[in-house]
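*Asks:* Take a look at the following structure, please.
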Amino acid sequence: MTAPHQQDILSRIEDAWRELRDALDAVPTERLDEAGVEGPWSVRDLIGHISTWEDQAVESIGRYLPRRDLTELAWVENIDEFNTRAVAEKRVTPLADLMADLERTHTGLLSFVEGVPEDALSVTEVEARIRIDTFAHYAEHAATIGRWLARGQA
């Protein structure tokens, strides 16, 4: 059974995930590769970007847990460069594989968070890492996609 704080985090992740999935489902397939959703990025690029940061959350918190070393929770030094490189690497991935990766990383993230001890989830830096790499991130990009779709219908 999950602890109350853990359940709250999982609920926030799932609520924001549903909003993101709704935003993604609203995008016509023929527009997934259209640039300009977030700067030069397409919706397809955002899909790869989101799964990359879910993986980053799991990796950093996973490194943190054994020794409770807060330095393991630090974000990459140059986030813009990291994002650009990660999006470019995933851009060559077939769409079906990219979507499967998004589902895989999300399912893995949920399983991982379910296994994080409650005392670790209460550490401000762990909470921040989860929030920023998951539910706040999903909400940010769901809103971006929504605005982009609205611009295209004007």
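No value in this document is a laboratory result; all are computed from the given coordinates. All values derive from a computational prediction rather than experimental measurement. All Cβ positions, even for glycine, are placed from backbone atoms using ideal geometry, and neighbour counts span all protein chains on display.
*Asks:* Tabulate in residue order the Karplus-calculated ³J(HN,Hα) for the range 52-60, using 6.51 cos²θ - 1.76 cosθ + 1.60 with θ = phi - 60°, rounded to whole Hz; enter x for Gly and Pro.
*Replies:* Those phi angles translate into 4, 6, 5, 4, 4, 4, 4, 5, 5 Hz.
*Asks:* Taking the 0 to 90 degree range and rounding to the nearest ten, how far is the long axis of helix 95-115 tilted relative to the main principal axis of the chain, both from C-alpha atoms?
*Replies:* Long axis of 95-115 versus the principal axis of the chain: about 20 degrees.
*Asks:* For residue 41, list long-range residues whose amide hydrogen, built 1.01 Å from N in the peptide plane, is under 5 Å from its own amide hydrogen.
*Replies:* 36
*Asks:* Let me ask something else about it. Charges at C-beta only: +1 for Lys and Arg, -1 for Asp and Glu. How large is the resulting dipole of the chain about its Cα centre, in Debye rounded to 20? Before the final figure, lay out each step's value.
*Replies:* Values: 16 positive and 30 negative charges, 40 e Å.
Rounded to the nearest 20 debye, it is 200 debye.
*Asks:* Still on this structure, please answer the following. Can you tell me the length gained on complete extension of the stretch residue 85 to residue 143, counting 0.36 nm per residue apart and subtracting the Cα distance? Intermediate results must be reported in sequence, preceding the final value.
*Replies:* Working: separation 58, 0.36 × 58 = 20.88 nm, distance 2.34 nm.
Extra length available between residue 85 and residue 143 comes to 18.5 nm.
*Asks:* What is the Cα centroid distance between the range 67-90 and the range 1-40, reported in whole angstrom?
*Replies:* 20 Å
*Asks:* Pick from 22, 101, 119: which is most flexible by mean-square fluctuation in a GNM of the chain where alpha carbon atoms under 10 Å apart are linked?
*Replies:* Comparing 22, 101, 119 in the GNM, the peak value goes to 119.
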